[in-house]
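**Student:** I have a structure here, written as structure tokens, and I will follow up with some questions on it.
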There are 2 protein chains.
Amino acid sequence: MTTGSKISLIMAILVATFPAFGATDEHPKLIMTKAGVERIRAELGSVPLFDATVATVKAEVDAEIELGIDTPIPLDYSGGYTHERHKRNFFVAQKAGALYQILEDKKYANYVRDMLFQYEAMYKDLPLHPKTRSYARGKLFWQCLNDSNWLVYMSQAYDAIYDYLSADERQQLEENLFRPFADHISVDSPQFFNRVHNHSTWGNAAVGMIGLVMGDDELVERALYGIPFGEIDTAAKDNDGGFIFDKDGRAGFLANLDDPFSPDGYYTEGPYYQRYAMYPFLIFAQALDNVKPDLNVLKHKDGVLLKAVDALLALSDADGEFFPLNDGQKGMSYQTGALVTAVDIAYHVGEQDPRLLSVAEEQGRVLLDDAGFSVAQAVRDDKARPFEKRSVNLSDGPDGKQGGVALLRSGNEDLTLVFKYSAQGLSHGHYDKLSFSLFERGDEVLQDYGLVRFVNIEQKGGGNYLKENSTWAKQTIAHNTLVQNETSHFGGKYEIGSQHHSELYFYDDTNSDVQVVSATESNAYPGTYMRRTMALIRDESFEKPFMLDLLKVQSDKANQYDLPFYFMGQAMQVNFDYEAPATLNPLGGKNGYQHLYVEGKGRPSSGSTQFLWMDNGRFYSLTSAAQENDDVMFTRIGANDPEFNLRRDAALMIRRKNTRDTVFASVVEAHGSYSPVSELALNTNSNISALEVAHDDDRYTAVLITEVNDQASLFILSNKDASKSTKHRLKIGNKTYRWKGPYLYTEE
Amino acid sequence: MTTGSKISLIMAILVATFPAFGATDEHPKLIMTKAGVERIRAELGSVPLFDATVATVKAEVDAEIELGIDTPIPLDYSGGYTHERHKRNFFVAQKAGALYQILEDKKYANYVRDMLFQYEAMYKDLPLHPKTRSYARGKLFWQCLNDSNWLVYMSQAYDAIYDYLSADERQQLEENLFRPFADHISVDSPQFFNRVHNHSTWGNAAVGMIGLVMGDDELVERALYGIPFGEIDTAAKDNDGGFIFDKDGRAGFLANLDDPFSPDGYYTEGPYYQRYAMYPFLIFAQALDNVKPDLNVLKHKDGVLLKAVDALLALSDADGEFFPLNDGQKGMSYQTGALVTAVDIAYHVGEQDPRLLSVAEEQGRVLLDDAGFSVAQAVRDDKARPFEKRSVNLSDGPDGKQGGVALLRSGNEDLTLVFKYSAQGLSHGHYDKLSFSLFERGDEVLQDYGLVRFVNIEQKGGGNYLKENSTWAKQTIAHNTLVQNETSHFGGKYEIGSQHHSELYFYDDTNSDVQVVSATESNAYPGTYMRRTMALIRDESFEKPFMLDLLKVQSDKANQYDLPFYFMGQAMQVNFDYEAPATLNPLGGKNGYQHLYVEGKGRPSSGSTQFLWMDNGRFYSLTSAAQENDDVMFTRIGANDPEFNLRRDAALMIRRKNTRDTVFASVVEAHGSYSPVSELALNTNSNISALEVAHDDDRYTAVLITEVNDQASLFILSNKDASKSTKHRLKIGNKTYRWKGPYLYTEE
């Protein structure tokens, strides 16, 4: 009995045992269906977005066919030739398969067949990839992750030409290539396959999708539920420093769907990795929805997969670029192919949300499958509606109880505040509890550094994480949040950080003029309690909305506190004296401080420290309530960076020494404009003359904002009670304030 | 007899004496004519570009009328309220006048009239402006220059409503406002008015234009020929450090037209100031052309004014931004109003070059006058043709004999080399003989720093030149050229620099695959002779064109030579070892070196120094023929810059010590791409494995470029003979090369 016959037998038994299995035996079945393909062929030429994509893809695939097929012996890390060639192969094969179905031109089927047989001929005797850096080495690529990418795409290509191949051809491919390939990334690599981690999602989807095409339900089972756990080292870590196995022993696609997504669809690693992970989730879910509809995978966890698409789109700036929370490479946007997939599938299998269509229009292309065709048809039929991004609070954690990320947006995304009070974010998490970044339209005003990696650029460490990612980017001081005694949150220890998360105090975006989020962190520094309250306030006496930042710290001992603001652009003016050293020295020796030069150091000259800068033709002012002994420092990234892996960006940093309890209160205004063409400088000055903490005790903290015209406004926070219905009364000076709910913003 | 009567009498005598004077007595006459206005009114509503401009301007002026007129007592420098308000007033008044003529709505005439009478009431008793920084203080503004701007625009406004006013009203305005205003900026301020300098051009145009409107030929004469020189201090300097009076005693508009423009239309201060100066030149020239056609001012010096418009457009990058030669603020582009004027007038009064129309289309607006209407009509009638910028060599100096600026462009402006071998450039000149900058499309690859000034931004020194403009931006080390013994060219002395210019050796763009410019400088460092030869070469074995840089130095003594390359973007890789200090120290103490930190210092590891960087999603490689004892340094701007006036940009610098004669040979390649969305890195490596000086003597210098595939090509320069017809023969190794003309580029 051949292996193929054995599989057929097992299959027959499975189908008999579980009737839902093997529900359809037509091909294609994964992301294209027989019915879908017929619809596409019938309307081809009358659906502009789809037709345009067909034309683009056809030109690309034709050029590759012209070049000929190359399946080189694997040698390189990402960025190198063999890596990039194999990667390109699976992308092109998937597209060629789709073109075969749409255009019914055999040259595309032949191309896929020939490529698969070249792989088949090679794979049988292929040893592990020669590069040894990965905790789970692949065969075509240096890590199983990339092998899984290959199989996710090749499954679709194989599905598309399945009926074009003879039974013998199929058997040969399945026995010599697909089955051993699936085994290598699963049973032979449990440390890769059996995790709750985006790597495993790819592995699960790869094994599941080829299982669906082959009608191999054993593989599908393995994909959905993982390999039964035997004896495993649950303390093992991968080469990013993350734990390998889930402590509750869960694995497989459904576990991966449960765990990293919160009920709101936030993916705990952050949007950059969510974008990467969405593709296998959605493509496999769509395939399961077609082939095993009874599994109802799209309804799993209250439809979390489709919520995740919404969350991911919400996590992008006005240009569609994802906020670089945790390890995120800046510039990644919803223009990426994974988001074309996400948007098209979410539209197709979801509620046909017409706002998704306007994103699809911006993307300018669709999937060459049933989902893409639905989107293109709807766009043609003028169903698209604007995708207006609103303020939203996204919970983190499988149950939504591990903090979250709040996005406060003023109208039209003029200002967007990204406030992070989440869980650690697995191995790609940074140590930056209660940190924030601020955007005006698509531009960073106060930045989150992002990662230290030049993804896929071989010259920079093979395109992998650089050591400054650990020594700088992950450290707390690399973020706009509080650092105590020059140490990172949780001592920069993953094991500790993973056990904790910040707690939401309240989130309220009901008043679009005063939107507030407040959260608490009490584990980052044992014995120290931090509550940060951030608001976007639109006040008619200001040109644009401003951001209020109120950070209350209480500790059981005296500490040194550092609060940096990583501004983008050109420093223009300050209202205090400082010394600028002729020689630049690192600010410290570790925890990220070794990477900061001090370019200036001074003391506040008045009760408010004010700093003006300019970027992208706009002005920004930071005004902070100052204490006499504060150090105000200009820092610049770049010390101890011999290979120029870091950007030379700057911060203004407030240092408060020998302090137990304190409040940092700041306002960031956006104002004015400058054009190098008209050379007109408008509204270049801050509208604020003074900022002071007008009251602070256990129950209330109040900030008084005085404008240059001597008008003033007051923000009072209730420190003990976030209920919307509680009534408060507070006397400050001669005046008594009465209000309901956790905060008051009022004219003075 | 009143002053008015006296003027009328003088006028009558003048008209009798010079029949050409007073040729037209209709109004408007300057930039609108009675006939032109009739044409405009007849076609209004059917000329989209003009109609759109009318709508925009109407909205702007209506809003100003709504706000009311404010003519505050002068107090501020530029950036301050009174300065900006008076500046806005003259812009708006000019526009309101045009609207009155076009729309025949009296509210616009009334607005201009009321504003003029507010000025009339104020001006009579107005003392000098209270700010004392200028060498020629104005009354409404801190410098006569801005007062002149006011009068150039107000003349047009007055012209537009001239017929609307009564004779008494006109007399009152002319006696109390315009005539004393014109006198203040001319006879009362000869140090401003009688120069050959862009300041004076504004003064000349202002006095001349109001003279034309008033029919006051004495003023027109004064504008054209200056005030007769009496006893003046010819050694006087202005507050930029430039000489005040022309050594040959010339003055007035025609002298200003003769002197700073070369026969090719290059303006010796550079494009940033040319753009500023073009407005008064062209607006006054157009007015003269209308009122005094016999003067034939547009034909003056072989039509230099219209050539200057072409030259100015050629001096912009692919985005229309001017190359920042000398003191130029980056970002200024042909979108500026002065260039709308230039393009419209050049089209209208010139040869109706249809390429200008495509620039006008990009500008999206036209002048509200006869010229603008011509352009808008022609655009409507589909006459626009693409403005393809080509390679061009622009001579400098009144006779075109003081060096020049060469622009080498590969097809479609993929690469543009800006090579400067010009004269000093008056008081706005930098000390950077034989320097260059390189652009890919609209992006800087190797930058010219530009100026240190934040024009009109009050927070930065009132918007004026900052001291780092002298200590950094003007210094030689701030540029991509050779510095000897850490001193600037001509010792950084304006008096010396002004006496010299580089000499063109040859310029040849006839072969679009190998475009070459070569120039010589022998005065920057007495005793040292430099010849720099730069080529843009398109070779099919390279992905994109590359730049070859061949700098031959001969000196009568041993020197230290520094050659910096101010790259833009992220350092990626080098092929040599270097030390990166933990502490950053300034590289030197003066001549700009005090502003440079050393971030790395090493020695070449091979015969070629190679450096790879990335910017804007593209890769660049610099490969230089190295000598064993070269220091290779990474420098960064920013030392001794306590107020953050400088950008923290970087350079790779080659230092060759204790050397008399040498050759610096380098190639800069542009290659590959990176997208943060696709995360694909393509062609990230240099195509060059080695670069060496294969031959060097008095007669020939040859550079051998070896590619990674071991193919090689050779560039040979004839050092003694630039004739295109001379035949050459040179033996290098075993091989003899024969060619004709100053250079050979050949496969090896």
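The values are calculated or read from the model by the stated rules, or taken from the named source; none is laboratory data. Just so it is clear, the structure is predicted and the values come from calculations on it, not from any experiment. FYI the Cβ positions are ideal-geometry reconstructions off the backbone, even for glycines, and counts take in every protein chain you see. Areas reflect the complete protein model, heavy atoms only, side chains present, ligands, DNA and RNA absent. Shrake-Rupley method; radii C 1.70, N 1.55, O 1.52, S 1.80 Å.
**Student:** Checking A:Ala318 against (1) part of a helix (DSSP H, G or I); (2) modelled with pLDDT of 95 or more, which single condition isn't satisfied?
**Tutor:** (1)
**Student:** Right, A:Gly462: in contact (Cβ under 8 Å) with a residue 24 or more places away in the chain, within 14 Å of another protein chain (Cβ to nearest Cβ), touching a Phe, Trp or Tyr at 6+ places or on another chain (Cβ under 6 Å) and not in a strand (DSSP E or B) or not?
**Tutor:** Yes; evaluated as a whole, the condition is true for this residue.
**Student:** For the range B:336-353, check the following and say yes or no: at least one residue is within 11 Å of chain A (Cβ to nearest Cβ), of a type in the set (S, T, N, Q) and in a loop (DSSP other than H, G, I, E, B).
**Tutor:** yes
**Student:** Within the range A:629-643, can you find the residues that are open to solvent by less than 10 Å² (accessible area, probe 1.4 Å), under 29 Å from the mean Cα position of the chain (by Cα) and either within 8 Å of chain B (Cβ to nearest Cβ) or more than 15 Å from A:Gly588 (Cα to Cα) (or both)?
**Tutor:** Passing the criteria: A:Gly638, A:Ala639, A:Asp641.
Okay, residues lined up against (1) more than 17 Å from A:Phe664 (Cα to Cα); (2) within 14 Å of chain B (Cβ to nearest Cβ); (3) not in a strand (DSSP E or B):
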position	(1), (2), (3)
A:Gly450	yes, yes, yes
A:Ser470	yes, no, yes
A:Thr481	no, no, yes
A:Phe490	yes, no, yes
A:Thr510	yes, no, yes
A:Ala519	no, no, no
A:Asn523	yes, no, yes
A:Pro526	yes, no, yes
A:Arg531	no, no, no
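**Student:** Taking the range A:504-517 on its own, how many of its residues are open to solvent by less than 20 Å² (accessible area, probe 1.4 Å) and touching an Asp or Glu at 6+ places or on another chain (Cβ under 9 Å)?
**Tutor:** Counting residues in the range A:504-517 that are open to solvent by less than 20 Å² (accessible area, probe 1.4 Å) and touching an Asp or Glu at 6+ places or on another chain (Cβ under 9 Å) gives 4.
**Student:** If you don't mind, there's one more thing I want to ask. Kindly provide the set of residues from the range B:471-483 that are within 24 Å of B:Thr659 (Cβ to Cβ) and open to solvent by 10 Å² or more (accessible area, probe 1.4 Å), ordered by number.
**Tutor:** As a first pass, look at the range B:471-483 and keep what is within 24 Å of B:Thr659 (Cβ to Cβ): B:475-483.
B:Gln475 - this is the single residue of the range B:471-483 that is within 24 Å of B:Thr659 (Cβ to Cβ) and open to solvent by 10 Å² or more (accessible area, probe 1.4 Å).
**Student:** So which pairs qualify, if the first residue must be in the range B:425-436 and in contact (Cβ under 8 Å) with a residue 12 or more places away in the chain and open to solvent by 10 Å² or more (accessible area, probe 1.4 Å), the second must be in a helix (DSSP H, G or I) and of a type outside the set (Asp, Glu), the Cβ gap must be under 7 Å, and the two must be at least 6 apart or on different chains?
**Tutor:** So the pair list comes out as B:Tyr431/B:Thr476; B:Tyr431/B:His489; B:Tyr431/B:Phe490; B:Tyr431/B:Gly492; B:Tyr431/B:Gly497.
**Student:** Filter the range B:668-687 for residues that are touching a Lys or Arg at 6+ places or on another chain (Cβ under 9 Å), in a strand (DSSP E or B), within 14 Å of chain A (Cβ to nearest Cβ) and open to solvent by less than 20 Å² (accessible area, probe 1.4 Å) and give the result.
**Tutor:** Of everything in the range B:668-687, just one residue is touching a Lys or Arg at 6+ places or on another chain (Cβ under 9 Å), in a strand (DSSP E or B), within 14 Å of chain A (Cβ to nearest Cβ) and open to solvent by less than 20 Å² (accessible area, probe 1.4 Å), namely B:His671.
Condition check ((1) at pLDDT 95 or above; (2) in a helix (DSSP H, G or I); (3) more than 14 Å from every other protein chain (Cβ to nearest Cβ)) across all residues:
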position	(1), (2), (3)
B:Asp248	no, no, yes
B:Ala251	no, no, yes
B:Gly265	yes, no, yes
B:Asp327	yes, no, no
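**Student:** Continuing with this model, one more query. Test A:Gly79 against the criterion of being assigned to a loop (DSSP other than H, G, I, E, B), touching an Asp or Glu at 6+ places or on another chain (Cβ under 6 Å) and over 22 Å from A:Phe178 (Cβ atoms), and give yes or no. Write out each step before concluding.
**Tutor:** Values: assigned to a loop (DSSP other than H, G, I, E, B): yes; touching an Asp or Glu at 6+ places or on another chain (Cβ under 6 Å): yes; over 22 Å from A:Phe178 (Cβ atoms): yes.
The answer is yes for A:Gly79.
**Student:** Look through B:Glu120, B:Glu104 and report the one residue that is at pLDDT 95 or above and open to solvent by 40 Å² or more (accessible area, probe 1.4 Å).
**Tutor:** B:Glu104
**Student:** Right, here's the next one. Looking only at the range A:598-613, how many residues end up being more than 14 Å from chain B (Cβ to nearest Cβ) and either part of a loop (DSSP other than H, G, I, E, B) or open to solvent by 40 Å² or more (accessible area, probe 1.4 Å) (or both)?
**Tutor:** Qualifying residue count, the range A:598-613: 5.
**Student:** Among the residues of the range A:66-85, how many are more than 14 Å from every other protein chain (Cβ to nearest Cβ), open to solvent by less than 50 Å² (accessible area, probe 1.4 Å) and touching a residue at least 40 places away in the same chain (Cβ under 8 Å)?
**Tutor:** The initial filter retains those residues of the range A:66-85 that are more than 14 Å from every other protein chain (Cβ to nearest Cβ), namely A:66-75, A:82.
Adding the requirement that they be open to solvent by less than 50 Å² (accessible area, probe 1.4 Å) leaves A:68-69, A:71-72, A:74, A:82.
From the residues that got through so far, the ones that are touching a residue at least 40 places away in the same chain (Cβ under 8 Å) too are A:69, A:71, A:74.
Count: 3.
**Student:** Tell me the helices (runs of 4 or more DSSP H) entirely within the range B:157-244 that contain at least 1 residues that are at pLDDT below 90 and closer than 24 Å to B:Ser427 by Cβ.
**Tutor:** B:198-214
**Student:** Regarding A:Asp319, is this residue buried (at least 23 other Cβ atoms within 10 Å of the Cβ) and within 14 Å of another protein chain (Cβ to nearest Cβ)?
**Tutor:** No.
**Student:** Only one residue in A:Ala650, A:Ala712, A:Ala690, A:Ala665 is more than 14 Å from chain B (Cβ to nearest Cβ) and surrounded by 22 or more Cβ atoms within 10 Å (Cβ to Cβ). Which one?
**Tutor:** None of the others qualify; the one that does is A:Ala665.
**Student:** Taking the conditions exactly as written (at pLDDT 95 or above, open to solvent by 30 Å² or more (accessible area, probe 1.4 Å) and not polar (S, T, N, Q)), does A:Glu440 satisfy them or not?
**Tutor:** Spelling it out, it is not the case that A:Glu440 is at pLDDT 95 or above, open to solvent by 30 Å² or more (accessible area, probe 1.4 Å) and not polar (S, T, N, Q).
**Student:** Checking the condition hydroxyl-bearing (Ser, Thr, Tyr), farther than 23 Å from B:Gln499 by Cβ, touching an Asp or Glu at 6+ places or on another chain (Cβ under 6 Å) and away from chain A (no Cβ under 14 Å), which residue from B:Ser410, B:Ser391 passes?
**Tutor:** Working: B:Ser410 fails: touching an Asp or Glu at 6+ places or on another chain (Cβ under 6 Å).
Answer to the selection: B:Ser391.
**Student:** Ok, one more. Specify which of the listed residues (B:Gly36, B:Gly79) is closer than 15 Å to B:Phe373 by Cα and of a type in the set (Gly, Ala, Ser). First the steps, then the outcome.
**Tutor:** Values: B:Gly79 fails: closer than 15 Å to B:Phe373 by Cα.
The match here is B:Gly36.
**Student:** Would you mention how many residues in the range B:614-662 are in a strand (DSSP E or B), touching a His at 6+ places or on another chain (Cβ under 7 Å) and either without any contact (Cβ under 8 Å) to a residue 24 or more places away in the chain or over 19 Å from B:Asp549 (Cα atoms) (or both)?
**Tutor:** Within the range B:614-662, residues that are in a strand (DSSP E or B), touching a His at 6+ places or on another chain (Cβ under 7 Å) and either without any contact (Cβ under 8 Å) to a residue 24 or more places away in the chain or over 19 Å from B:Asp549 (Cα atoms) (or both) number 1.
**Student:** Considering the range B:554-591 alone, what residues qualify as being within 10 Å of another protein chain (Cβ to nearest Cβ) and either part of a strand (DSSP E or B) or under 18 Å from B:Thr662 (Cα atoms) (or both)?
**Tutor:** Those that are within 10 Å of another protein chain (Cβ to nearest Cβ) and either part of a strand (DSSP E or B) or under 18 Å from B:Thr662 (Cα atoms) (or both): B:Gln570, B:Ala571, B:Met572, B:Gln573, B:Val574, B:Tyr578, B:Glu579, B:Leu584, B:Pro586.
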